[in-house]
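Have a look at the structure below before the remarks.
The values are calculated or read from the model by the stated rules, or taken from the named source; none is laboratory data. Not measured: the values here are computed from a predicted model. Glycine gets a Cβ as well: all are built from the backbone with ideal geometry, and neighbour counts include every protein chain shown. Please note that ligands, DNA and RNA were not included when accessible areas were found on the heavy atoms of the full protein model with its side chains. Shrake-Rupley method; radii C 1.70, N 1.55, O 1.52, S 1.80 Å.
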Amino acid sequence: EAQNLFQSYLKDNPKDPMAHYLLATAHYGNRDMQQAKTALAEAIKQSPKWPEPRLLLAEIYMRDGASGQAVDEAKAVLNDHPNNIQAYMVIGNAYLMKKNIPEASNSFDALLKIAPNNPAACTQKGRMLLIQKKQNEAMAYFEKALSLQPNFTEPLQFIVAVHMNNKDYKKAFDRIERQIKISPDNPFFYNSWLRKKREKEDNCKRISKKR
């Protein structure tokens with residue numbers, strides 16, 4: 001219904017970038033990515049410096065695995081909006097998808113300069129440090145992300161994964177329990193605690209059988 005409304009409006013107002021963008025979001029919501037890209041291209045044509053259409057197009061390119069095209073759109077945004085946080089995130093994640101760690105790291109570092117207290121940027125910086133085997137530094141960034149956004153599940157996942165990988169199950173459980181007390185309404189934290197507990201119990205059973 002929304003698509004029909006926007007399409008009808010665009011017949012009389014074909015140069016309205018907002019209408020093209022809203023039509024694209026309707027197609028996106030219906031998972032019609034090709035039509036969404038067509039509408040976004042028209043929105044960009046009518047308003048080249050407006051960041052939202054380019055960033056949504058970049059997101060679609062990322063879903064398609066076209067990381068190079070995603071970077072191009074995000075860089076076009078930064079040309080006119082040098083402090084756009086989402087554009088830096090797109091670039092960093094696109095390079096990460098291509099396994100270009102130096103460029104990904106550079107993008108997240110640039111983002112942290114303009115948004116040092118952005119939880120997602122802190123988390124991605126932590127990921128880069130983990131890849132570089134700088135575990136302690138990485139954990140500091142994950143903890144900072146959680147302090148800034150206590151309900152943010154991704155940094156806690158990394159913290160727990162590091163402890164589990166180190167076979168320090170107590171630290172993993174204790175860290176999840178501490179976050180549950182801070183954010184008791186987040187079901188992921190509680191479910192994660194139960195899952196890790198079962199994994200530890202299963203591991204103990206396997207060890208007992210071997211003996």
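Evaluate the following for residue 58: is it in contact (Cβ under 8 Å) with a residue 12 or more places away in the chain, in contact with a Pro (Cβ under 8 Å, 6 or more places away or on another chain) and not acidic (Asp, Glu)?
no
Please go through region 110-129 and pick out each residue that is assigned to a helix (DSSP H, G or I) and open to solvent by 50 Å² or more (accessible area, probe 1.4 Å). I'd like the intermediate steps shown before the answer.
As a first pass, look at region 110-129 and keep what is assigned to a helix (DSSP H, G or I): 110-114, 119-129.
Across region 110-129, the qualifying residues are 113, 114, 127.
Restricting attention to region 137-187, which residues are among the hydroxyl-bearing types (Ser, Thr, Tyr), under 16 Å from the mean Cα position of the chain (by Cα) and open to solvent by 50 Å² or more (accessible area, probe 1.4 Å)? Outline the logic, then answer.
Applying the first criterion (among the hydroxyl-bearing types (Ser, Thr, Tyr)) to region 137-187 yields 141, 147, 153, 169, 183.
Cutting the leftovers down to under 16 Å from the mean Cα position of the chain (by Cα) gives us 141, 153.
Matches in region 137-187: 141 only.
Which one is nearest to residue 117 (Cα to Cα), of the residues in region 132-184 that are without any contact (Cβ under 8 Å) to a residue 24 or more places away in the chain and not in a helix (DSSP H, G or I)?
Only one residue tops the list, namely 134.
Output the number of the condition that residue 90 fails; it satisfies all remaining conditions of (1) more than 15 Å from the chain's Cα centre (by Cα); (2) closer than 23 Å to residue 138 by Cα.
Residue 90 satisfies all of (1) more than 15 Å from the chain's Cα centre (by Cα); (2) closer than 23 Å to residue 138 by Cα except (1).
Find the residue count for region 5-18, including only residues that are modelled with pLDDT under 95 and either open to solvent by less than 30 Å² (accessible area, probe 1.4 Å) or assigned to a helix (DSSP H, G or I) (or both).
8
Return the residues of region 28-47 that are closer than 14 Å to residue 59 by Cα and either surrounded by 21 or more Cβ atoms within 10 Å (Cβ to Cβ) or in contact with a Pro (Cβ under 8 Å, 6 or more places away or on another chain) (or both); say none if nothing qualifies.
36, 40, listed by residue number.
The rows are residues; the columns are (1) under 22 Å from the mean Cα position of the chain (by Cα); (2) in a helix (DSSP H, G or I); (3) of a type outside the set (Gly, Ala, Ser).
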| position | (1), (2), (3) |
| --- | --- |
| 36 | yes, yes, no |
| 42 | no, yes, yes |
| 57 | yes, yes, yes |
| 73 | yes, yes, yes |
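Looking at (1) open to solvent by less than 50 Å² (accessible area, probe 1.4 Å); (2) touching a Phe, Trp or Tyr at 6+ places or on another chain (Cβ under 8 Å); (3) free of Cβ contacts under 8 Å to residues at least 24 places away in the same chain, which one does residue 66 not meet, given that it meets all the others?
Residue 66 satisfies every listed condition except (2).
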